[in-house]
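Q: Questions regarding the structure given below will be posed in turn.
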Amino acid sequence: MSERRRRVIMVLGIVEGVLKTAALADLRHRGDDEVRGPKKAWGLAIVFVNAAGAVPAAYFLLGRRKPGSS
């Protein structure tokens, strides 16, 4: 494997790790009424689904409710 490819893989892994950490921290601090769907399901998906940051990004885009929305 080339040095460039190794660096790209390492950077993508770091980005995914940061996204997962941020998503889990946010999920932990939100109430049940501020999350679309079960918090436990989101947490499990964030931790166990390895899709290059897709699940944490989906949580931030789709899983959180805006204050005052139902």
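FYI, it's all coordinate maths here, none of it is from the lab. All figures in this text were calculated on a predicted structure; none of them were measured in a lab. Virtual Cβ from ideal backbone geometry, glycine too; neighbours counted across all protein chains shown.
Q: Can you check what the net charge comes to around Phe48, using other residues whose Cβ is under 14 Å from the Cβ of Phe48 (Lys, Arg +1; Asp, Glu -1)?
A: +1
Q: Grab the other residues whose beta carbon is less than 11 angstrom from that of Arg65, score K and R as +1, D and E as -1, and report the net.
A: +1
Q: Grab the Cα-Cα distance for Leu62 and Glu3, subtract it from 0.36 nm times how many residues apart they are, and report the gain in nm with one decimal.
A: Length gained between Leu62 and Glu3: 17.6 nm.
Q: Going by how many other beta carbons lie within 10 Å of each one, how would you line up Met1, Met10, fewest first?
A: By the 10 Å Cβ count, ascending: Met1, Met10.
Q: Scan around Val35 for amide H atoms under 5 Å from its own, H built in the peptide plane at 1.01 Å from N, and keep only partners 5 or more places away or cross-chain.
A: Arg65
Q: Further, regarding this structure: Calculated from DSSP H runs of 4 or more alone, at -39500 (n - 2.57) each and per residue, what is the 222 nm mean residue ellipticity of the chain, nearest 500?
A: Mean residue ellipticity, 222 nm, calculated: -19500 deg cm²/dmol.
Q: Can you sort Asp32, Asp26 so the residue with the fewest Cβ neighbours within 10 Å comes first?
A: Asp32, Asp26
Q: Then there is this: Hey, could you grab the Kirkwood Rh for region 3-63? Inverse mean 1/r over distinct alpha carbon pairs, Å, one decimal.
A: Result for region 3-63, one decimal place: 12.1 Å.
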